[in-house]
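Laboratory data are not the source of any read-out in this text; all were calculated from the coordinates shown. Everything numeric in this text was worked out from a predicted model, so none of it was measured. Heads up, the Cβs are rebuilt from the backbone with ideal geometry, glycines too, and the neighbour counts pull from every protein chain shown.
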């Protein structure tokens, strides 16, 4: 793996009910590659669905896209906090506008779809959420991990490690 010490990513998690594997597994893959990972949330302490906990390095509403090379929305039942959140939509749109990598795993793909950034793009999401994406004009592929340009999506916890590896590859370019 290429050393990527100068790269920075932010992982956005729900304050309650993020999917533990979808945060911790990609985070570990990214950090092993030398990438600096920050956590953003709407609360200082976030709790995962399976009991994992993390401290937020910054609040979602104060996130500055210019500070990061990639923005990652983490799934889980709590991710619905961001589905129709104007701040989350602004973050997603600004990330794409600035040519940075935008990613989501599991249900968090709905946030990107509602933000409008997946329209006409290939993407994947937790299978139970596929209809939402299709109804919003997304080319749902059902693959474990999908990349379309600077957008990387994954279908759920079973793909968390592969999702992290796809992010590392994208950040290596």
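Remark: spin-label model distance residue 64-residue 31 equals 2.4 nm, labels positioned 7 Å along the Cα→Cβ axis.
Among 150-156, 103-109, 22-28, 138-144, how do they line up by average Cβ neighbours within 10 Å per residue, starting with the highest? Don't skip to the answer; put the middle values down first.
Values: 150-156: 25.4, 103-109: 31.0, 22-28: 22.6, 138-144: 17.4.
The most tightly packed comes first, giving 103-109, 150-156, 22-28, 138-144.
In a fully extended conformation the segment linking residue 136 and residue 53 would gain 26.6 nm over its present Cα-Cα distance, using 0.36 nm per residue. Spin-label model, residue 98 to residue 169: label points 7 Å out along the Cα-to-beta-carbon direction sit 2.6 nm apart. Distance distribution note for the range 70-130: the fraction of Cα pairs above 12 angstrom is 62%.
Packing order of peptides 111-121, 35-45, 53-63, highest average first: 111-121, 35-45, 53-63 (average count of other Cβ atoms within 10 Å over each peptide's residues).
Site pair residue 6 and residue 87 shows an inter-label distance of 3.1 nm when each label is modelled 7 Å from Cα along Cα→Cβ. Counted over the range 1-85, the DSSP beta bridges are approximately 20% antiparallel. Counted over all Cα-Cα pairs of the chain, pairs farther apart than 22 Å make up 33 percent. Taking every DSSP beta bridge that has both ends in the range 1-157, the antiparallel portion is near 25%.
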